[in-house]
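The values are calculated or read from the model by the stated rules, or taken from the named source; none is laboratory data. The model shown is predicted, which means the values in this text are computed figures rather than measured ones. Here the Cβ positions follow ideal geometry from the backbone for every residue, glycine too, while neighbour counts run over all protein chains shown. Note: areas computed on protein heavy atoms with side chains; ligands, DNA, RNA excluded. Shrake-Rupley method; radii C 1.70, N 1.55, O 1.52, S 1.80 Å.
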Amino acid sequence: MKRLLRLLQYLYCIYALLLFIILMLLIFPLVLLALLLGKIRGGNTIYLLCMIWGKIWYFLIGVQHREIYEVPHNWQKQYIFVANHISYMDIPPLVLIAHQPIRVLGKAEMTRIPVFGWIYRAAVILVNRSNAETRARSIRALKAALRHGISIFIFPEGTFNETGHPLKNFFDGAFRVAIETATPIKPVLLVDTVDRLHYRSIFELTPGPSRVVFLEEIPVAGLTMKDILSLKQQVYDAMDAALRRYRNYPTA
């Protein structure tokens, strides 16, 4: 029975991957057309196209996207969204919650993925954390997006959290930009993505719920660079406590 179930999961994963590629190929010409609209309008249109792609793909593979707001959320307000990072399935929820203009800071190595990488390059602000020059360039791009009224989305852990605990240590970048631009932090939790696709293999994909939880915003007005560590700790503690409410983790 276990072998049969494993075979069915492999077949499901192949089915989901093929759908992923087919849908990406279908929207790719529209992404190219969107680029003609310019950096701002074109980028916003690309996120809309990706949202449509995400909804269709989720429906066809049996993943149920759900948004939970622990406090009312103002979609007219500009934020620096930060989220936990634990799965490749963290990516679809980002476009599904893009109900306002937003740009995601993403790892440059993801552009190597055929088809997906082409659209990814057009949609995100790329960063290579091992290169100081590209890190500085990405920070400038994030600030430029904020100046144009566009919110930004950052994974402060930088890479997958494989510790078994709610979060890894945070990098300073998101909090530095928040203080420098006086933009409030909006923590977001990706609760079920590790259950939908564990980071150990692309053949771990399963159907089921995918909850995104919006926490209370954390203001930064009046803070200076001396407050980065305390701000970072405040956000970390809020996200850690909230993740423990939605999932079971070790206490130490």
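Points to keep in mind about this one:
- Take each peptide in 173-186, 62-75, 84-97, count the other Cβ atoms within 10 Å of every residue, and average; sorted highest first, the result is 84-97, 173-186, 62-75.
- Two-site FRET efficiency, HIS148 against LEU32, from Cβ-Cβ distance with R₀ of 25 Å, rounded to 0.05: 0.70
- Region 76-194: relative contact order in percent, alpha carbon pairs under 8 Å with at least 6 residues between: 45 percent
- Peptide ranges 206-218, 16-28 listed from the most packed, as the mean C-beta count within 10 angstrom indicates: 206-218, 16-28
- Rounded, prolate or oblate (a/c below 1.5 giving rounded, otherwise prolate when a/b exceeds b/c) for region 45-130 by Cα gyration tensor: oblate
- DSSP assigns beta bridges within the chain; of those with both partners inside it, close to 15 percent run antiparallel.
- Rounded to whole numbers, the Karplus 3J(HN,Hα) couplings from phi for region 142-156 are 5, 5, 5, 4, 4, 5, 8, x, 9, 6, 10, 10, 10, 8, x Hz, using 6.51 cos²θ - 1.76 cosθ + 1.60 with θ = phi - 60°, and x at Gly and Pro.
- In this structure, the amide hydrogen of ASN84, modeled 1.01 Å from its nitrogen in the peptide plane, lies closer than 5 angstrom to those of VAL188, LEU190, counting only residues at least 5 positions away or on a different chain.
- Note, ³J(HN,Hα) from phi for region 196-204, Karplus 6.51, -1.76, 1.60, rounded to Hz, x at Gly and Pro: 6, 8, 5, 5, 6, 6, 6, 8, 9
- Per residue, the accessible area of region 7-55 comes to 60 Å² when a 1.4 Å probe rolls over the protein heavy atoms.
- Surface composition of the chain: carbon plus sulfur atoms hold 61% of the accessible area, using a 1.4 angstrom probe and ignoring ligands, DNA and RNA.
- Spin-label pair GLU216-THR251: with each label point 7 Å from Cα along the Cα-Cβ axis, the two points sit 2.5 nm from one another.
- For the chain: rounded, prolate or oblate by the Cα gyration tensor [a/c cutoff 1.5]: oblate
- Three-way shape call for region 144-246 based on the alpha-carbon gyration tensor, with the a/c threshold at 1.5: prolate
- Available extension along the chain between GLN64 and LEU8 is 18.2 nm, counting 0.36 nm per residue and deducting the alpha carbon span.
- Heavy-atom surface of region 134-252, accessible at 1.4 Å and reported per residue (Å²): 46 Å²
- Mean projected area (nm²) of the alpha-carbon convex hull when region 74-207 is viewed from all directions: 8.5 nm²
- Taking packing as the residue-averaged number of other Cβ atoms within 10 angstrom, the listed peptides 187-193, 224-230 run from highest to lowest as 187-193, 224-230.
- Neighbourhood charge, 13 Å Cβ-Cβ cut-off, centred on ALA241 and excluding it, Lys, Arg +1 and Asp, Glu -1: -1
- Amide H within-cut-off set for GLN78, under 5 Å, with H built and near neighbours excluded: none
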